[in-house]
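The structure appears right after this line, and notes come after that.
Bear in mind that the values in this text are calculations on the coordinates, not laboratory data. Predicted model, so just to flag it, every value in this text is computed and none were measured. Using ideal geometry, Cβ is built from the backbone for each residue, glycine included, and neighbour counts are taken over all protein chains shown.
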Amino acid sequence: MGPVRAAVVLPWERSAEARAASARLAEAVGLAASIGLVIVHQAVIQLRERRPATLFGEGQVEALGAVIANEAIAVAVIDGPLSAVQQRNLERAWKCKVIDRTGLILDIFGERARTREGALQVELAHLEYQRSRLVRSWTHLERQRGGFGFLGGPGETQIEADRRLIGTRIARLRGSLEDVRRTRALHREARRRVPYPVVALVGYTNAGKSTLFNALTGADVFAGDQLFATLDPTMRGLSLPSGRKAILSDTVGFISDLPTELVAAFRATLEEVAEADVILHVADAAHPETVVQRADVTAVLDGMAEAGMLDGDWRARTILVLNKADLLGGIGHLAAREPGAVAVSALTGEGLATLKTLIDARIGAAMEEAEYSLKPQDGAGLAWLYRHGEVIARNDTEEAIRVRVRLTPAERARFEQRNLTERNVSA
């Protein structure tokens with residue numbers, strides 16, 4: 001099949017600023033191009049009012065229809081929400097496939113998901129979206145069909161049967177995702193037993209999170225210059241200046257007007273952020289809409305906190321990382337822009353040493369000081385303390401090894417539980 005020619009149309013309110021509209025249109029074009037659509041027409045259409053039947057006015061529908069016919073456009077992307085009726089009527093008027101912003105993002109996610117979890121999440125979101133639009137999908141709603149009990153009783157309409165089948169599949173998917181979440185919870189519990197701090201990357205899509213992930217860990221996660229290059233969470237070990245080890249987690253990128261179906265479906269992925277000791281909010285400092293993009297990410301995290309998925313002090317655990325400093329002349333040009341933020345270039349490596357030091361300090365600030373008396377033969381316990389904590393003082397005698405050490409709360413609890421278990425076994 002040859003390239004699919006497409007148009008991207010942004011419906012825009014009269015009061016909107018032209019610059020914001022231009023940036024939003026550019027983002028929509030990037031989204032469409034990221035799944036291989038060839039964009040041959042793009043436009044911002046001012047809306048006098050939102051028409052219930054077609055969204056656009058009659059003249060605007062005719063003008064866009066002429067462009068679509070002249071350019072042999074097969075797909076029209078409307079960067080905004082369309083009702084099922086609006087989508088159906090525009091397809092009839094333009095004689096081409098019409099998708100809205102939610103449908104486009106779902107298509108992208110469906111193409112990019114690689115793990116079983118990602119595929120389940122995308123399918124669930126897609127079915128939730130489809131279920132609300134069956135009025136568009138079927139033009140034979142008046143057709144009746146009989147059948148056996150498990151296919152629907154006599155007189156059941158096609159749309160009722162399809163809604164029921166979709167509902168059944170959604171229920172199964174939710175059950176499968178609960179299994180995935182339980183497995184993920186077990187993995188987190190396993191990490192607590194070998195309790196390395198977790199550092200999670202969050203940020204607007206295409207902010208450079210995966211490039212930063214690779215630069216910090218030496219991994220080879222795909223890092224393309226495209227929106228939603230990463231969908232499935234990835235974890236790697238991170239070595240910090242103090243010698244401490246941490247786990248770095250790369251997560252899906254956020255975007256403005258993220259479909260509600262996807263916010264719910266990707267809860268399991270976002271749980272990695274909720275469990276993080278440190279959150280790195282990666283922002284594309286060179287993007288003209290960087291402030292707006294950061295606000296969108298913050299809004300998603302605030303929503304997670306309101307839903308109980310994230311604790312209320314997530315901001316205290318967050319470091320703002322201003323990425324792509326190489327496009328702005330280096331980190332020196334960004335250093336004074338945001339107090340408390342750290343400027344980096346994940347591409348050139350500039351500023352990464354400072355970022356690692358800051359992560360180290362943030363983890364260290366949460367550590368607690370404790371004293372332990374170990375048996376001289378407990379070499380494993382002593383090695384554990386050196387590996388997971390910071391030994392401040394040590395005094396060896398024939399009777400015991402006394403150690404003063406700094407540990408994170410999780411590490412301290414783990415070590416004390418180990419000692420309690422060993423005493424119970426000895427008894």
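Peptides 28-38, 372-382: what's the order by average Cβ count within 10 Å, highest mean first? Working shown, then result.
Numbers: 28-38: 18.7, 372-382: 14.6.
Per-residue Cβ counts within 10 Å, averaged per peptide and sorted highest first, yield 28-38, 372-382.
Taking a quarter of the surface of the Cα convex hull of region 4-108, what do you get in nm²?
5.9 nm²
Starting with the highest mean, order 56-63, 178-185, 70-77 by the number of other Cβ atoms within 10 Å, averaged over the residues of each peptide.
Order by mean packing, descending: 70-77, 56-63, 178-185.
Hey, which lysines would be in cross-link range of residue 324, C-alpha to C-alpha under 21 Å, not counting anything within fewer than 8 residues on its own chain?
Partners found: 209, 356.
Starting with the highest mean, order 364-371, 320-327, 88-95 by the number of other Cβ atoms within 10 Å, averaged over the residues of each peptide.
Descending packing order for the listed peptides: 320-327, 88-95, 364-371.
By counting other Cβ atoms within 10 Å of each Cβ, how are 129, 386 ranked from fewest to most?
Least crowded to most crowded, the residues run 386, 129.
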